[in-house]
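Written below as structure tokens is the structure these notes are about.
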């Protein structure tokens, strides 16, 4: 499965590698940057490129791993498929992505594949993206919130469509960065593709999460931060309104760094904050006990690692007894 290895010297030393993943009969790829010498299982941020971009451009264009690794967070840069006009894209239900692939299922498979090759804390998996990738982060907020904890969009709107199921029974934390002069993805309604613009997304997710409070601050003359929340929960929708900002990933010249702010936002949340009835033994959190969970629990044993979902007999040790109990549960289901 592995076909090419790169070692990069950035702000922190890390292990980085391309992976192949056959999904729905198509060879897909992703690039993961994992923190070097992690003392415990790492969290995971899925960082998705825009239309016409690729995993490499998102890696170099956001440098998110530089901010994630010191926090023991890995970053994966998945690769979209070539659309009908030859540009890589994500299928988010728009007329312009020219993509019929099940990209939600692909991201789901990427999480499982990474967890089988690296030590990943599946309680701390997050998704974000730029432009089309930001649209995809919103798509995952609807469709994969059983495995991904919190979501972020940079210059990408929320395409609400009939193919989605946004009826999750848990709160969804979201952070959205957008420039008011974005000439590609509209900041102000109406949007060119009928996607929900920022304020419309705020209204949607505020109603979804039952927010009844909001706050405002500015970090300079260009950047306003709006936060929507409720007293009895830590869940928030945070919006960075960048007055004069274009269609861009925001760097320090605006007074903040989008990559750094995304990492900081994500670190506030863990999946078990929202899903307290996680199925014991369901290590990949797909709500089904199967052979994939057996493989993951065997990897935990081989790596002398611990995950509370795999500790079926609650003895604070992952060993062959837990594997046997898991197999018995699968056979008896």
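In contact with a strand residue (DSSP E or B) (Cβ under 8 Å, 6 or more places away or on another chain) and either modelled with pLDDT of 90 or more or part of a loop (DSSP other than H, G, I, E, B) (or both) - does that describe any residue in the stretch 289-297? Even if it seems obvious, please write down each step before you answer.
Step one: of the stretch 289-297, the residues in contact with a strand residue (DSSP E or B) (Cβ under 8 Å, 6 or more places away or on another chain) are none.
No, because not a single residue in the stretch 289-297 is in contact with a strand residue (DSSP E or B) (Cβ under 8 Å, 6 or more places away or on another chain) and either modelled with pLDDT of 90 or more or part of a loop (DSSP other than H, G, I, E, B) (or both).
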- Item | Matching residues in the stretch 245-275 - criterion: being part of a helix (DSSP H, G or I) and modelled with pLDDT of 95 or more | 252, 253, 254, 258, 259, 260, 261, 262, 263, 264, 265, 266
- Message: Going through 175, 148 one at a time, which residue ends up being outside any loop (DSSP other than H, G, I, E, B) and under 19 Å from residue 209 (Cβ atoms)?
- Response: 175
- Message: So residue 192 passes all but one of these: (1) in contact (Cβ under 8 Å) with a residue 40 or more places away in the chain; (2) part of a loop (DSSP other than H, G, I, E, B). Which condition number does it fail?
- Response: (1)
- List pairs: first in the stretch 89-107 and on the phi > 0 side of the Ramachandran plot, second at pLDDT 95 or above and in a loop (DSSP other than H, G, I, E, B), Cβ under 6 Å, 6+ apart or cross-chain? 93/159
- Could you look through the stretch 1-37, keep only residues that are surrounded by fewer than 17 Cβ atoms within 10 Å (Cβ to Cβ) and closer than 22 Å to residue 306 by Cβ, and pick out the one that is modelled with the highest pLDDT? 36
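For (1) crowded, with 22+ Cβ neighbours inside 10 Å; (2) modelled with pLDDT of 95 or more; (3) touching a helix residue (DSSP H, G or I) at 6+ places or on another chain (Cβ under 9 Å); (4) in a strand (DSSP E or B), each residue gets a yes or a no:
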{"position": "46", "(1), (2), (3), (4)": "yes, yes, yes, yes"}
{"position": "52", "(1), (2), (3), (4)": "no, yes, yes, no"}
{"position": "56", "(1), (2), (3), (4)": "no, yes, no, no"}
{"position": "60", "(1), (2), (3), (4)": "no, yes, no, no"}
{"position": "65", "(1), (2), (3), (4)": "yes, yes, yes, no"}
{"position": "68", "(1), (2), (3), (4)": "yes, yes, yes, no"}
{"position": "74", "(1), (2), (3), (4)": "yes, yes, yes, yes"}
{"position": "77", "(1), (2), (3), (4)": "yes, yes, yes, yes"}
{"position": "85", "(1), (2), (3), (4)": "no, no, no, no"}
- Note on the structure: Among (1) without any contact (Cβ under 8 Å) to a residue 40 or more places away in the chain; (2) under 16 Å from the mean Cα position of the chain (by Cα); (3) more than 23 Å from residue 230 (Cβ to Cβ), residue 154 falls short only on (1)
- Note on the structure: Those residues of the stretch 305-329 which are under 27 Å from the mean Cα position of the chain (by Cα) and either in a loop (DSSP other than H, G, I, E, B) or buried (at least 17 other Cβ atoms within 10 Å of the Cβ) (or both) amount to 305, 306, 307, 309, 310, 311
- If we keep only residues of the stretch 263-287 that are in the same structural domain as residue 123 (by TED's automatic domain parsing) and touching a helix residue (DSSP H, G or I) at 6+ places or on another chain (Cβ under 7 Å), then the residue surrounded by the most Cβ atoms within 10 Å (Cβ to Cβ) is 263
- Message: Based on this model, can you work out whether residue 123 counts as touching a residue at least 60 places away in the same chain (Cβ under 8 Å), under 30 Å from residue 304 (Cβ atoms) and touching a helix residue (DSSP H, G or I) at 6+ places or on another chain (Cβ under 6 Å)?
- Response: yes
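The values are calculated or read from the model by the stated rules, or taken from the named source; none is laboratory data. Please read these numbers as outputs of a predicted model, since none were measured by experiment. We place every Cβ from the backbone using ideal geometry, glycine too, and count neighbours over all the protein chains shown.
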